[in-house]
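To start, the structure under review is shown below, and the notes come after it.
The values are calculated or read from the model by the stated rules, or taken from the named source; none is laboratory data. The structure displayed is predicted, hence computed values, not measured ones. We place every Cβ from the backbone using ideal geometry, glycine too, and count neighbours over all the protein chains shown. These accessible areas exclude ligands, DNA and RNA; they are computed on the full protein's heavy atoms, side chains included. Shrake-Rupley method; radii C 1.70, N 1.55, O 1.52, S 1.80 Å.
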Amino acid sequence: MKGETQKAYDYLRHDKKFPHVWCPGCGNGIVMGSLIRAISKLELSKDEVVLVSGIGCAGRITAYVDFSTVHTTHGRALTFATGIKLANPDVKVIVVMGDGDATAIGGNHLIHAARRNVDLTAIIVNNNIYGMTGGQFSPTTPYGLKATTAPHGHVEHAFNISRLVETAGGAFVARGSIYHVNLLDQLYKKAIAKKGFAVVETMSSCPTHFNKLNLMGGPVDSMNWLKSHAVPAEKASSLAEEEVRGKFRIGVLADRDIPDYQTEYEQVRLRAREANGYVLDPKEISKLLESYQCY
Amino acid sequence: MPLNEKAPATRLMQGNEASAEGALAAGVRFYAGYPITPSSEIAEVLAYRLPAFDGTFIQMEDEIASMGAIIGASLAGAKAMTATSGPGFSLMQENIGYACMAEVPCVVVNVMRVGPSTGMPTAPAQGDVQQARWGTHGDHPIIVLSPWSVRECFDLTVRSVNLAEKYRTPVILLMDEVVGHMRENVVLPDPASIPIVNRVTPTVPPEWYIPYEDNPSGVPAMSHFGAGYRHHVTGLHHDVRGFPTLREDEVEDLNKRLFRKISDNLRDIQQVEAYALDDAEIVVVAYGSVARSAKRAVVEARAAGRKVGLLRLITLWPFCRRALERVFPQAKVLVVPEMNRGQMSREVKRVNQGRAEVRTVNRTVGRLIRPDEIMAVF
Ligand SMILES: Cc1ncc(C[n+]2csc(CCOP(=O)(O)OP(=O)(O)O)c2C)c(N)n1
Ligand code: SF4
């Protein structure tokens with residue numbers, strides 16, 4: 001373990017950026033540690049990683065780690081990341097966003113990034129609330145709970161982020177939690193290694209706002225909650241409905257081999273150089289339409 | 001692939017097409033956009049042409065995403081551009097401010113149509129002149145250029161890219177529907193004769209690189225992601241290393257440098273064209289397609305013996321104050337025709353300070369101002 005701690009230290013910036021802004025007991029530090037271990041195990045050099053983040057507590061990660069880093073605008077991290085990856089395919093682009101960042105203001109970018117399948121890794125830190133701005137509800141705040149903007153109880157229903165992304169497209173979808181750290185390391189590793197759009201929804205905590213507003217106790221109580229409510233994905237299908245009600249699956253939820261955007265775009269570059277451009281073969285059209293799965 | 005292989009040197013061309021060709025000539029290799037009339041031809045030409053240059057065209061899900069993508073591409077080393085019209089330009093504003101703050105070179109073409117809101121989608125206007133200046137929140141300098149002909153759409157797109165690279169700033173090319181959709185016979189310049197400016201990149205070893213360190217030009221060297229100079233980019237106020245700061249001295253240094261790099265170089269950035277100004281007592285101040293009507297009005301008035309001249313603004317922002325100052329000794333009347341309710345005439349009046357009489361001609365009905373409407377106030 002000492003070795004692992006040292007490894008994390010090696011990837012932090014040492015020129016003046018600490019202490020960090022996160023509250024004691026916040027899940028963001030665990031996310032950062034896990035991400036560093038995954039990158040280190042994949043033996044990626046610091047120079048080939050570009051870490052992109054949105055605005056929010058989770059988004060603050062970029063200032064602390066020693067990669068090329070971009071702290072973008074609220075909700076738009078995936079759009080910046082798309083530009084970076086397409087302009088320089090040699091770098092590994094990893095994006096960290098909060099749940100509000102990724103699925104409220106950035107929700108449109110999330111589903112389109114998945115559909116487009118650009119080779120990016122997206123880590124969505126889901127603490128069920130807006131942390132940075134002081135505990136307002138997010139698209140993942142559970143029905144009936146409290147937020148500073150839902151003082152009388154929340155009457156909207158939450159997104160299932162992983163399922164949303166799985167439906168939208170993309171190559172890899174997984175869910176982990178800050179309690180199940182070894183699994184989280186593995187999921188981040190797999191997601192980063194995967195060619196195509198890969199998402200790891202990371203169930204996290206916000207003791208400062210979410211727990212306080214919802215009588216959920218402190219950081220340790222968050223850990224206990226995550227521990228008791230996670231069901232390994234491979235087990236979930238064999239369990240009865242009442243056994244999984246109110247719980248969340250963790251593990252790899254979707255893993256598909258589909259060509260990423262860059263690979264497809266190489267075709268476009270080749271066709272653009274041909275004298276006659278892209279000629280549609282009338283006989284091919286009905287076959288091409290099959291890819292438009294309309295059922 | 002040679003630039004002119006599919007684009008013969010002389011041809012009948014649209015302003016939007018010329019802008020796309022200018023982008024290619026200037027070295028733009030990344031375009032992200034979202035369709036909107038009257039700018040869509042720029043995207044269509046680049047969707048067709050860019051991939052053959054090993055460049056990338058991508059249609060994003062909206063204009064916010066388009067702006068984000070070009071900033072990302074520029075950070076990764078590409079010359080990057082987007083094009084839009086009013087509604088899309090409004091959506092881009094937050095990220096334009098990001099590009100100002102993080103000093104990311106990029107070009108935004110706005111082919112203006114009538115607003116507010118969806119307005120008149122295929123009709124010309126000049127209603128975004130002040131939005132181009134002040135659209136994003138917070139104090140910031142910005143460079144805005146405006147062409148009046150098809151050839152100038154080409155030239156000013158090249159110039160926009162060059163200025164963006166040179167000063168590490170977003171540059172806005174403010175076209176209007178008339179200029180964007182108009183067709184003229186143009187002779188494009190020999191690619192070898194086109195001046196190309198590339199951003200200054202660091203020459204020091206990575207461990208010495210201080211990404212936002214001041215220097216006499218006020219423009220720090222820019223390293224692209226993946227080049228081995230790991231650094232942090234943020235829209236927060238930052239210190240010279242790029243890290244967030246709330247320290248008053250560091251914030252003030254950044255604020256001052258961001259303005260200084262533009263205001264120290266007005267001679268390089270500001271461009272006007274003077275026509276028959278030497279003895280002019282009536283001076284028309286115009287830009288974009290309206291300047292074409294203005295020129296016609298001046299020519300006709302001269303033929304009738306009137307002492308009328310034209311000051312055409314090519315750079316809209318920073319406002320060409322010095323050029324306007326030069327007309328004052330003999331100018332008694334300034335005429336400012338615009339397809340808006342008086343966005344640039346406010347600036348003219350501010351500089352004028354009561355010296356000459358300022359007359360405005362404003363139309364926001366979706367058509368170009370006619371020469372006779374301008375002559376009517378001479
Ligand atoms: C355009 C815009 N709107 C609103 C904000 C204010 N804001 C900053 S962070 C944030 C929400 C953060 O919540 P989340 O994304 O869930 O991340 P967390 O702080 O919980 O990690 C908001 C609304 C902003 N910065 N920009
Ligand atoms: S407010 Fe919540 S999410 Fe933000 S740092 Fe504190 S505990 Fe973490």
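With the structure loaded, tell me whether A:Ala102 is in contact with a Leu (Cβ under 6 Å, 6 or more places away or on another chain) and free of Cβ contacts under 8 Å to residues at least 60 places away in the same chain or whether it fails that test.
Taking the combined requirement at face value, the residue satisfies it.
Looking at A:Thr82, A:Thr5, A:Thr69, A:Thr62, can you tell me which residue is within 15 Å of ligand 1 (Cβ to nearest atom) and either surrounded by fewer than 24 Cβ atoms within 10 Å (Cβ to Cβ) or in the same structural domain as A:Asn127 (by TED's automatic domain parsing) (or both)?
A:Thr62
From B:Gln126, B:Gln130, grab the single residue that is surrounded by fewer than 19 Cβ atoms within 10 Å (Cβ to Cβ) and touching a residue at least 40 places away in the same chain (Cβ under 8 Å).
Only one candidate qualifies: B:Gln130.
Do you know which residues across the stretch B:30-64 are open to solvent by 20 Å² or more (accessible area, probe 1.4 Å), of a type in the set (Ser, Thr, Tyr) and away from every other protein chain (no Cβ under 14 Å)?
Of everything in the stretch B:30-64, those that are open to solvent by 20 Å² or more (accessible area, probe 1.4 Å), of a type in the set (Ser, Thr, Tyr) and away from every other protein chain (no Cβ under 14 Å) turn out to be B:Thr37, B:Ser40.
Between B:Pro195, B:Pro206, B:Pro211, which is surrounded by fewer than 17 Cβ atoms within 10 Å (Cβ to Cβ) and within 13 Å of chain A (Cβ to nearest Cβ)?
Sole residue among the options that is surrounded by fewer than 17 Cβ atoms within 10 Å (Cβ to Cβ) and within 13 Å of chain A (Cβ to nearest Cβ): B:Pro206.
If a residue must be away from ligand 2 (no atom under 16 Å from the Cβ) and more than 14 Å from chain B (Cβ to nearest Cβ), how many such residues does the stretch A:3-34 contain?
Counting residues in the stretch A:3-34 that are away from ligand 2 (no atom under 16 Å from the Cβ) and more than 14 Å from chain B (Cβ to nearest Cβ) gives 7.
From the list A:Gly75, A:Gly83, A:Gly98, A:Gly59, which residue is within 16 Å of ligand 2 (Cβ to nearest atom) and in contact with a helix residue (DSSP H, G or I) (Cβ under 6 Å, 6 or more places away or on another chain)?
A:Gly98
Restricting attention to the stretch A:245-274, which residues are more than 10 Å from chain B (Cβ to nearest Cβ) and more than 24 Å from A:Ala191 (Cβ to Cβ)?
Of everything in the stretch A:245-274, those that are more than 10 Å from chain B (Cβ to nearest Cβ) and more than 24 Å from A:Ala191 (Cβ to Cβ) turn out to be A:Arg245, A:Gly246.
How many residues are farther than 20 Å from A:Pro219 by Cα, open to solvent by less than 10 Å² (accessible area, probe 1.4 Å) and of a type in the set (Val, Ile, Thr) when one looks only at the stretch A:22-59?
Number of matching residues: 5.
Out of all the residues in the stretch A:104-116, which are open to solvent by 10 Å² or more (accessible area, probe 1.4 Å), in contact with a Phe, Trp or Tyr (Cβ under 9 Å, 6 or more places away or on another chain) and more than 8 Å from ligand 1 (Cβ to nearest atom)?
Those that are open to solvent by 10 Å² or more (accessible area, probe 1.4 Å), in contact with a Phe, Trp or Tyr (Cβ under 9 Å, 6 or more places away or on another chain) and more than 8 Å from ligand 1 (Cβ to nearest atom): A:Gly107, A:Arg115, A:Arg116.
Exactly one of these conditions fails for A:Val65: (1) away from ligand 2 (no atom under 16 Å from the Cβ); (2) farther than 19 Å from A:Ser138 by Cβ; (3) at the interface with chain B (Cβ under 9 Å from one of its Cβ atoms). Give me its number.
Answer for A:Val65: the failing condition is (3).
Residue under question is B:Asn185, and the condition is that it be in contact (Cβ under 8 Å) with a residue 40 or more places away in the chain, in the same structural domain as B:Tyr98 (by TED's automatic domain parsing) and either part of a helix (DSSP H, G or I) or buried (at least 18 other Cβ atoms within 10 Å of the Cβ) (or both); does it hold?
Judged against the criteria, B:Asn185 is not a match.
So A:Val52 fits all but one of (1) farther than 19 Å from A:Ile129 by Cβ; (2) within 14 Å of another protein chain (Cβ to nearest Cβ); (3) assigned to a helix (DSSP H, G or I); (4) under 21 Å from the mean Cα position of the chain (by Cα); what number is the exception?
A:Val52 satisfies all of (1) farther than 19 Å from A:Ile129 by Cβ; (2) within 14 Å of another protein chain (Cβ to nearest Cβ); (3) assigned to a helix (DSSP H, G or I); (4) under 21 Å from the mean Cα position of the chain (by Cα) except (3).
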